[in-house]
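In what follows, a single structure is set out as structure tokens and then discussed.
The values are calculated or read from the model by the stated rules, or taken from the named source; none is laboratory data. Please read all numbers here as calculations on a predicted model, not as lab measurements. Ideal geometry is used to build each Cβ from the backbone, glycine not excepted, and the neighbour counts take in all protein chains shown.
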Amino acid sequence: MNTLPARMTAAPPLRPLLLLTGAVVLAHVLLLQAAPAQWGVATDTPLTLRPLITRSIEIKPLSPEAAPPAPPPVRRPIRPSASISQANVPPALSLPAQAAIESIATPAPEPAAREVPQASSAPVPETVPAAAPAPPTLVAAAGALSIPGSARLKYSMTGRSKTMDYHAQAQLDWQQDGEAYQLSMVVSAFGLGERSMTSKGRLTGDGLAPTRFLDKSRSERAAHFQPDKGKITFSVNTTDVPWQAGAQDRVSVFVQLASLLAGDPARYPRGSSISLYTAGPTTADTWTFVVEAEEKLSLPAGEFIAVKLTRKPQRDYDQTVEVWLAPAIGWLPVRTRITQQNGDFVDQQLRSTEKPL
């Protein structure tokens with residue numbers, strides 16, 4: 001019968017444990033010596049530290065010769081507009097009919113708004129250019145219309161009013177910048193006073209597009225073109241009239257005529273007609289001009305070959321309007337003659353051309 005205590009019989013022997021621990025340590029040492037390179041640097045190769053070497057790189061700018069060429073500038077194509085017109089002299093058309101300066105070519109009262117007949121057309125024969133220098137011409141596009149550069153024209157005028165003969169001077173100032181224009185006609189006579197007509201507006205593919213026409217002597221009267229509202233209104237107490245595409249006033253109408261012939265003279269042969277809806281200071285009406293023959297004119301400014309256009313009376317109170325357009329000065333009017341039904345007239349002839357200020 002065993003009489004030892006229970007805790008002494010359960011303790012493991014010490015020697016076998018020490019032998020087992022030594023075997024495990026020896027196995028690890030052998031394993032590390034056999035395959036050290038699998039996890040790091042081999043034990044038989046001494047580990048040496050190498051110095052860190054750095055390099056600096058200098059970036060030099062490219063020489064002008066080596067630089068790649070800059071791309072060429074993009075040129076936007078010029079989009080041709082329908083054309084633009086030649087300046088014209090507002091022949092004393094808008095000068096009233098009382099004594100003194102009031103009597104220079106004022107039409108009798110006209111009924112408001114008439115239908116606009118379409119213009120017929122065909123070519124004008126080639127003209128012989130006169131020796132006078134022509135103002136520079138801005139051409140928007142080959143075709144229907146062509147507008148001249150800014151210019152100043154001076155005229156000598158003779159006339160008769162109520163059996164009284166008189167002499168006067170007139171000056172036309174035409175200015176445009178390719179988008180907008182201003183056209184003014186001033187007539188003055190010693191002892192008779194002064195009368196002016198001014199047209200302002202835009203240059204479009206259809207030519208001149210007036211926005212305001214002012215007729216000024218002893219008082220001011222104006223017509224306002226409102227295409228957005230489809231009407232033309234007046235400063236005096238008269239009825240509005242419908243606005244029409246291509247509508248002109250009594251000054252711009254002559255510039256528009258000149259522009260049509262300058263743009264394509266072959267469209268307007270002798271016998272063809274051009275109709276333009278034209279507003280004055282109190283109403284509007286259709287003016288129809290018939291293209292007539294070329295003529296050689298001897299004027300204060302020299303000799304000119306010009307194409308004549310005539311507006312003949314349609315009613316008892318209408319005027320006869322004759323205008324001569326000269327290719328040598330950009331188809332601007334070199335002469336205008338307006339005759340009343342009673343025989344009164346005004347004859348305006350070119351005296352000189354100048355560049356505007």
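Here are the numbers for this structure:
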item: The range 216-247: number of residues that are within 29 Å of the chain's Cα centre (by Cα), assigned to a loop (DSSP other than H, G, I, E, B), free of Cβ contacts under 8 Å to residues at least 24 places away in the same chain and at negative phi; result: 5
item: Failed criterion for Trp174 (all others in (1) crowded, with 16+ Cβ neighbours inside 10 Å; (2) not in a strand (DSSP E or B) hold); result: (2)
item: Residues being surrounded by fewer than 17 Cβ atoms within 10 Å (Cβ to Cβ) and either modelled with pLDDT under 95 or in a loop (DSSP other than H, G, I, E, B) (or both) - total across the range 334-353; result: 3
item: Only one of Gln348, Gln314 that is closer than 22 Å to Thr163 by Cβ and either in contact with a Phe, Trp or Tyr (Cβ under 6 Å, 6 or more places away or on another chain) or touching a residue at least 12 places away in the same chain (Cβ under 8 Å) (or both); result: Gln348
item: Single residue of the range 128-164 satisfying the filter (under 28 Å from Thr339 (Cβ atoms), touching a Ser or Thr at 6+ places or on another chain (Cβ under 9 Å) and small (Gly, Ala, Ser)) that is modelled with the lowest pLDDT; result: Ala132
item: Residues located in the range 205-215, provided they are assigned to a strand (DSSP E or B) and over 14 Å from Thr283 (Cα atoms); result: Gly207, Leu208, Ala209, Pro210, Thr211
item: Selected residue (criterion: surrounded by the fewest Cβ atoms within 10 Å (Cβ to Cβ)) from residues of the range 317-333 that are without any contact (Cβ under 8 Å) to a residue 60 or more places away in the chain and not acidic (Asp, Glu); result: Thr320
item: Hits in the range 158-189 (condition: within 20 Å of Thr353 (Cβ to Cβ) and among the hydrophobic types (A, V, I, L, M, F, W, C)); result: Ala168, Ala170, Leu172, Trp174, Leu183, Met185, Val186, Val187
item: Options Arg212, Arg270, Arg202; residue that is under 24 Å from Ala144 (Cβ atoms), within 25 Å of the chain's Cα centre (by Cα) and either of a type in the set (D, E, K, R) or at pLDDT 95 or above (or both); result: Arg202
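Table: residues versus (1) of a type outside the set (Phe, Trp, Tyr); (2) surrounded by fewer than 18 Cβ atoms within 10 Å (Cβ to Cβ); (3) on the phi < 0 side of the Ramachandran plot.
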| position | (1), (2), (3) |
| --- | --- |
| Tyr268 | no, no, yes |
| Ala279 | yes, no, yes |
| Glu292 | yes, yes, yes |
| Lys296 | yes, yes, yes |
| Glu303 | yes, yes, yes |
